[in-house]
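*Asks:* Sharing a structure, written as structure tokens. Questions coming.
The values are calculated or read from the model by the stated rules, or taken from the named source; none is laboratory data. Fair warning: this is a prediction, and the values are worked out from it, not measured in the lab. So basically every Cβ, Gly included, is an ideal-geometry build from the backbone, and we count neighbours across all protein chains shown.
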Amino acid sequence: MATISRADAVWEGDLMSGKGRVKVASGAFNEFGVTWASRADREKGGTSPEELIAAAHAACYSMALSNGLAKAGHQPERLTTSAEVEFVPGKGIVSSTITVRGHIHGLSAGDFQKFAEEAKDGCPVSQALKGNVQLNLKAELDHVH
């Protein structure tokens, strides 16, 4: 069965001096503001569409990797994932880099790398970005004794 997720945005004014508000229908977090300044210059604070894509990519990737590991009989104790989405004004979103660190007993670094790559290729957010955005992966397994 398909699932539909929804977010709503209101924008007032032109791109450079205007401002907007975004909220998610689930209410999982409060409405927040967006501006061109916060999008183009991350030092100004605030969020951006790219930061929201990064959050979605990190969460989706973690779910995909944990599923792949579990299906192969490996129980991940902890996966720590970050996603960095690169936005170039005039070009758009050019890359998303996933960095994942896994804490899993009884798994070799090579096998972890294999599962990490499979999750990068199989996660639904990666699938949505594939072909338009360069997908990069940095995967490291904690040394578990």
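*Asks:* Give the stretch 89-143 a look and list any residue that's over 25 Å from Ser5 (Cα atoms) and of a type in the set (A, V, I, L, M, F, W, C), or say none.
*Replies:* Of everything in the stretch 89-143, those that are over 25 Å from Ser5 (Cα atoms) and of a type in the set (A, V, I, L, M, F, W, C) turn out to be Val100, Ile104, Leu107, Ala109, Phe112, Phe115, Ala116, Leu137, Ala139, Leu141.
Conditions (1) over 21 Å from Leu135 (Cβ atoms); (2) assigned by TED's automatic domain parsing to the domain that holds Ala116; (3) at pLDDT 95 or above; (4) not hydroxyl-bearing (Ser, Thr, Tyr), marked per residue:
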residue	(1), (2), (3), (4)
Ser17	yes, no, no, no
Lys23	yes, no, no, yes
Asn30	yes, no, no, yes
Ala40	yes, no, no, yes
Leu69	no, yes, yes, yes
Gln75	yes, yes, no, yes
Thr80	no, yes, yes, no
Glu84	no, yes, yes, yes
Thr99	no, yes, yes, no
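For every residue, the table says whether it meets (1) closer than 20 Å to Val10 by Cβ; (2) hydrophobic (A, V, I, L, M, F, W, C); (3) more than 17 Å from the chain's Cα centre (by Cα).
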{"position": "Thr35", "(1), (2), (3)": "yes, no, yes"}
{"position": "Gly46", "(1), (2), (3)": "yes, no, yes"}
{"position": "Met63", "(1), (2), (3)": "no, yes, no"}
{"position": "Ser66", "(1), (2), (3)": "no, no, no"}
{"position": "Ala72", "(1), (2), (3)": "no, yes, yes"}
{"position": "Thr81", "(1), (2), (3)": "no, no, no"}
{"position": "Val88", "(1), (2), (3)": "no, yes, yes"}
{"position": "Val94", "(1), (2), (3)": "no, yes, no"}
{"position": "Thr99", "(1), (2), (3)": "no, no, no"}
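*Asks:* Are any residues in the stretch 68-85 surrounded by 12 or more Cβ atoms within 10 Å (Cβ to Cβ) and touching a residue at least 24 places away in the same chain (Cβ under 8 Å), and if so, which ones? Let's see the steps before the verdict.
*Replies:* Going through the stretch 68-85, the residues surrounded by 12 or more Cβ atoms within 10 Å (Cβ to Cβ) turn out to be 68-69, 72, 74, 76, 79-85.
Hits for the stretch 68-85 are Gly68, Leu69, Ala72, His74, Pro76, Leu79, Ser82, Ala83, Glu84, Val85.
*Asks:* Pick out the one residue from Leu141, Leu137 that is out of contact with any Cys (no Cβ under 6 Å at 6 or more places or on another chain) and closer than 19 Å to Cys60 by Cβ.
*Replies:* On the way: Leu141 fails: closer than 19 Å to Cys60 by Cβ.
The unique qualifying residue is Leu137.
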